[in-house]
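> This is the structure, below, for whatever I ask next.
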């Protein structure tokens, strides 16, 4: 009897041990938190070396912090001379069994516009890809869907700006003083807006223009989000032009006042022309910013200057863009309905991206003093400087030629934004900018996630967040048919 009881107790103990181990494993599995999906960014750079370089930046967030990795995806010999501008279209509509696509337009000093088809999904990992990456000096993740579609010859001079307001339209400007509107379904020219050539006045000494030649050409243009109004700035013009995109005709001309140009230092030593223009919103109302050589002016919808931006920061301006958090879309714990937050980002010659607030309550009065010690009565206020990223402290000393603001991960959209910047020395930097730090203007505004050496002199840059790859999608198939971008309704063709 005693022996049987001992055997029964030993058997019961053996049966209890696996159950205890299972319970322990289950408890450990519950404690582990699933990792957030990686964010893959497709970055494309143009350079003086005529090349079009594409690579991906994969950002993984974990307990130890953010980690980033880069991999080359394509390298095209795009133009016969320097690449001046880039533009990306919205992704195509999703369809079963086919991947989504993004059109890439490039413009150069060779008068051509090249069109490329870029996959909107991260490339598929394979044994062949891993073998190529092991042999190459840098990681390679090639996608066979990235290919050239053709070229457009709608202009007769250097291409200065490209933009896809919708997937069905491509707008391009050139130094031939024209803005072309192209339909992407068949790449036919719908309309060509002729910008008046300015009269020659105040030509600086040492001008190398030919006899009778004057500085001409469109520097930049910006389309309003309503797709009905466009603003353009041109060379040799101390004004900006408004265009009605519904009729394709001029809507008006807004001159830069002499007093305003004198105040920002553009009246005597510079041409006083707008270098770039961008739309944005602040305080619930639309506004637009016009960048000059060393200053930025913010205008309201009534066409009057609201404020100047750089103030005492006397450095050359290269790129201007708005950062916006929409409370309805990016709702967080500290945001209220309708409480939209907007900032103006400016890249400079000294390798920084400065962030300014153009809110009415944040505008600062001028504190400059004249020769007699009296305070100047400047009528333009100055935007509030919230902070900056880059510069000597971050190891970025060369000028930032271009940058792009991306939303980042979906779960963290209300907290931060990802900024991809390109410097003239060929380096790409990826930054994370915190929303709360910008709102409070306290502490570090952001941090650098990583940098990448392109080995080319960068002139322009663009990027987009790649769409997660659908299950069962094959890179080799689904793209054999000719790319058609007429998924949108034909009624949009009338909105020129």
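Bear in mind these aren't lab numbers, they're just calculated from the coordinates by the rules spelled out. Computed from a predicted structure; not experimentally measured. In this analysis, Cβ positions are derived from the backbone assuming ideal geometry, glycine residues included, and neighbour counts consider all displayed protein chains.
> Please work out how much length the chain gains when fully extended from residue 425 to residue 227, using 0.36 nm per residue of separation minus the C-alpha to C-alpha distance, in nm with one decimal.
Using 0.36 nm per residue and subtracting the Cα-Cα distance, I get 67.7 nm.
> Quick check: residue separation of residue 93 and residue 447 times 0.36 nm, minus the Cα distance between them. What number comes out in nm?
This chain segment gains 124.0 nm when fully extended.
> Then there is this: Just order 190-198, 152-160 by mean Cβ neighbour count inside 10 Å, highest at the front, would you?
Ranking the peptides 190-198, 152-160 by packing returns 152-160, 190-198.
> Determine, from the Cβ-Cβ distance of residue 436 and residue 188 and an R0 of 51 Å, the FRET efficiency 1/(1 + (r/R0)^6), rounded to the nearest 0.05.
Once rounded, the FRET efficiency stands at 0.60.
> Using mean Cβ contacts within 10 Å as the protection proxy, how do 390-397, 294-301 order, highest first?
Packing proxy ranking, top to bottom: 294-301, 390-397.
> Here's something else I'd like to know. So for 325, 187, fewest C-beta neighbours within 10 Å to most, what's the order?
Fewest to most other Cβ atoms nearby, the residues stand as 187, 325.
> Something else: Could you state the number of Å between the C-alpha centres of segment 160-192 and segment 272-324?
Their Cα centres are 25 Å away from one another.
> Would you mind computing, in nm to one decimal, how far apart the modelled labels at residue 77 and residue 315 are, each placed 7 Å from Cα along Cα→Cβ?
Taking the two extended label points, one gets 3.8 nm.
> Next question. Take 447, 63 and order them by how many other Cβ atoms sit within 10 Å, fewest up front.
Listing 447, 63 from fewest to most nearby Cβ atoms yields 63, 447.
> Provide 452, 322 in ascending order of the number of other Cβ atoms located within 10 Å of each residue's Cβ, fewest first.
Result, fewest neighbours first: 322, 452.
> According to the square roots a ≥ b ≥ c of the eigenvalues of the Cα gyration tensor, what is the shape class of segment 35-97, taking rounded for a/c under 1.5, prolate for a/b larger than b/c otherwise, and oblate for the remainder?
Judged from the Cα gyration tensor, segment 35-97 comes out oblate (a/c at least 1.5, b/c at or above a/b).
> Please give the contour-minus-distance gain from residue 151 to residue 270: 0.36 nm per residue of separation, less the Cα-Cα distance, rounded to one decimal in nm.
39.3 nm
> Distance between Cα centroids, segment 221-251 to segment 344-358: provide it in whole Å.
25 Å
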